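K.L.:
One structure coming up, written as structure tokens, with questions to follow.
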Amino acid sequence: MKWNKPRIPLFVIASFLFGLKTYFVYRFMFELTIENALQEFILFFNPIASAYLIFAISVWLKPKNQMKYLRWTAVIGSLVLYINLLFYRNFTDFITIPVLFQGNNAADLTTSIFTLIHLGDLLLFADVVIIWILTSKKTMDLSVNFSKSGKIAATAVTFLMLSGNVALAELERPMLFVRAFDREYLVKNIGVYNYHMYDAMMQTKTKAQRVFADSSEISEIKNYINENSDTDEKSELFGIAEDKNVIFVSIESFQNFLLDSEINGKETTPFLNDLKESEETIWFKNFYHQTAQGKTSDSEFIVENSLYPLGRGAVYFTHAQNEYHALPEILNSHGYTTSVFHANNKSFWNRDVMYDTMGYDKFYGEQAYEVTKENSFGWGLGDKAFFSQSIDELKQQEKPFYSKFITLTNHFPFELPEDEANIDKYDSSSETLNSYFQTARYTDEALKQFFQQLKDAGIYKDSVIILMGDHYGISEFHNSAMGDFLNKEITPYQHIQLQRVPFMVHIPGYKNGEIREEVVGQIDVKPTLLSLLGIKAEKDLSFGTDMFLDDQQKFTALRDGSFITEKYVYTEGTCYDRQTGEPIQSEKQVCKPIKQKVEKELEYSDNIIYGDLFRFYDFTNKDSE
Ligand code: GP9
Ligand code: MN
């Protein structure tokens, strides 16, 4: 019997199959917030429109190439979607081109990758199998030699669907393509494939920005900075740590909620709990991390430069060739020896390049350590061995020194050998959250041991030790388990409050330790540290203020435009009372002026980085603009 050509061309069938699969992934596998029926419709429509856009190109091909095109488009499209899904499971975010080119990181991420792949994911390739079978040799005659008008009609439908999608997206989110703070909005409205095209365009724009930037942009930014900070003002702690060594410990994925938490009656962080209450410690309990896609490297960048990280990619990768006026460089010029200790691949996050750019004297990466099967787990060398092995090198540093230590064990997926665990796992639906307490406890013990080793080495009393959490460890993906643990629903307000990480300044011999309530963030570390060391703030292109100065106007801005002030927490378009967590209905406008300022500040920071504006800035001449 002769096979009758189906009336519906195969590229249309492929568009539907592939589009429906994509919709299924958006709807049920990504955690996209759907607020209304229009959003729901767009979410359904955009994957079909996108799929049609790509598959309909086949009509312009010779019949013998059409099947090949459909088949491979389905494969590549599915891989793009799946890789985004894996990335999302880890970071609750979508891939950007700069992140994609962080090849070294991808290789190092393998330990995490396997916990992100689920067996059921195989079903996500069902459409590929169907398309593959339909396009296989036996049914080759499914190819259609489209007439010219057929080709034009098929393409016209593409444009119709595409413009329909864009119009609906614009209706749903005015100025969506101008304000690109939030990748989720973009993916929800135009789909992951079009989002990648948009991202590629943005990347090209970024490259162009540097070429077209000129020195005149500095004046406006400088005016803004001058209006908002008084560099002549000194806090009462100015110079308290003068000539001391600085030991800065960046604690991996450490959130404030770990402090004072208990699992089956046992404290998770006994050492840090005591330390924060000590009279030698000043603990800022409302200190927020401000990182974005660059995670640890973003936290380093913020601390070193008092600039915001970028909304897309890790600035450590994308702008490592820029000029900066970073903390190590400033400290070097004041007689400090500067170094970093971190037992991971030196090229991870492009650190080897960026540390050089920022002026670190020495970087002790993985090769400086003895890493064996016995002393490493999870992401690598355990924190205890890391500190133990670092001490000898630390002793050799010329004084005064500034040394940064970056821990590793408390990193997703929070793996720890059973015999290293001194606290039970938590019991919830999230294996990630359950394990988190055990690795956090391990790091707490490693810190305790490190303090003792510093004392034994005779370094302790001449040093000031700063402890800081780099960013969150438990993503929004685990909100339901987090809600169980904290015994409250994780609302957007709670989510922001969960972004608080430890920040403790420990000064041996100090007697006035206290718990400070100010709302502060990583952007404030650089001026605070310089002030403690008695180094007068110089003319700089940076944001943030000395945490010990009273400044009522202050806000702590997160990279997505959310912010926290003394009174308010603003996120996802809602202004909350910071104390009660209640949305502020009646005075909806109170957050608006702050929001505008936050957006301006983030934009200025971006302009400094994108335009590489430090290259026009002369630090030797105080009046240069
Ligand atoms: C890797 C470590 C962890 O060297 O800093 O990086 P993260 O994944 O947290 O950015
Ligand atoms: Mn980290």
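The values are calculated or read from the model by the stated rules, or taken from the named source; none is laboratory data. The structure displayed is predicted, hence computed values, not measured ones. Virtual Cβ from ideal backbone geometry, glycine too; neighbours counted across all protein chains shown. For accessibility, only protein heavy atoms count, side chains too; no ligands or nucleic acids. Shrake-Rupley method; radii C 1.70, N 1.55, O 1.52, S 1.80 Å.
K.L.:
Quick one: pull the percent of accessible area on the chain belonging to carbon and sulfur, 1.4 Å probe, ligands and nucleic acids left out.
P.N.:
That fraction is 55 percent.
K.L.:
So, one more: Report relative contact order for the stretch 421-535 in percent, whole number only (criteria: Cα-Cα under 8 Å, sequence separation at least 6).
P.N.:
25
K.L.:
Residue separation times 0.36 nm, minus the C-alpha to C-alpha distance between residue 171 and residue 123: what's the value?
P.N.:
Separation in residues times 0.36 nm, less the Cα-Cα distance, equals 13.9 nm.
K.L.:
Let me ask another. Can you say what percent of the DSSP beta bridges in the chain, counting only those with both residues inside, are antiparallel? Round to 5.
P.N.:
Beta bridges within the chain, antiparallel portion: roughly 45 percent.
K.L.:
Something else now. Need the full-extension length gain, residue 515 to residue 536, defined as separation in residues times 0.36 nm minus the C-alpha distance. One decimal, nm. All intermediate terms of the calculation are to be shown ahead of the outcome.
P.N.:
On the way: separation 21, 0.36 × 21 = 7.56 nm, distance 2.52 nm.
Using 0.36 nm per residue and subtracting the Cα-Cα distance, I get 5.0 nm.
K.L.:
If you take the beta carbon distance between residue 130 and residue 62 as r and set R0 to 22 Å, what does 1/(1 + (r/R0)^6) give as a FRET efficiency, to the nearest 0.05? Each step should come with its number before you reach the end.
P.N.:
Values: r = 23 Å, r/R0 = 1.07.
After rounding to 0.05, the efficiency reads 0.40.
K.L.:
Normalized C-alpha radius of gyration of the chain, against 2.2 N^0.38 Å?
P.N.:
Dividing the Cα radius of gyration by 2.2 N^0.38 Å gives 1.05.
K.L.:
Could you give the alpha-carbon Rg of the stretch 10-208 over 2.2 N^0.38 Å, rounded to two decimals?
P.N.:
Relative to the rule-of-thumb radius for its length, the stretch 10-208 sits at 1.07.
K.L.:
Not counting the cut sites, what is the longest span of the chain without trypsin sites (Lys or Arg not before Pro) that DSSP labels loop and that have at most 15 other Cβ atoms within 10 Å? Don't skip to the end; give the middle numbers.
P.N.:
Working: sites that count: 2, 7, 179, 373, 488, 511, 536, 622.
After excluding every exposed loop site, the longest remaining stretch is 180-372.
K.L.:
Let me ask something additional. Please give the per residue accessible area of the stretch 10-208, computed with a probe of 1.4 Å over protein heavy atoms only, in Å². Before the final figure, lay out the partial values.
P.N.:
Details: 9770 Å² over 199 residues.
For the stretch 10-208, the per-residue accessible area is 49 Å².
K.L.:
Just the number please: accessible area per residue for the stretch 234-392, 1.4 Å probe, all protein chains included, in Å².
P.N.:
32
K.L.:
Figure the gain on full extension for residue 456 and residue 223 (residue separation times 0.36 nm, minus the Cα-Cα span) and round it to one decimal in nm. Don't jump to the answer; show the numbers that get you there.
P.N.:
On the way: separation 233, 0.36 × 233 = 83.88 nm, distance 4.88 nm.
The span from residue 456 to residue 223 would gain 79.0 nm if fully extended.
K.L.:
Still on this structure, please answer the following. When 1/r is averaged over all different Cα pairs and the result inverted, which Kirkwood radius in Å belongs to the stretch 367-480?
P.N.:
Averaging 1/r across every pair of different Cα atoms and inverting gives 15.5 Å.
K.L.:
Hey, for a label at residue 449 modelled as a point 7 Å past Cα toward Cβ, could you say which residues of the stretch 392-416 have their backbone N under 19 Å away?
P.N.:
Answer for this model: 392-395, 405-411, 414-416.
K.L.:
Here is a further query. Just round it to a whole percent: the fraction of Cα-Cα distances in the stretch 441-583 exceeding 18 Å.
P.N.:
67
K.L.:
Can I ask one more? If you average the sequence gap of Cα pairs under 8 Å that are 6 or more apart and divide by the length of the chain, what percent do you get for the contact order?
P.N.:
19
K.L.:
Give me the Å³ per residue figure for the convex hull around the C-alpha atoms of the stretch 458-509.
P.N.:
Details: hull volume 5.7 nm³, N = 52.
With only Cα atoms used, the stretch 458-509 gives 110 Å³ per residue.
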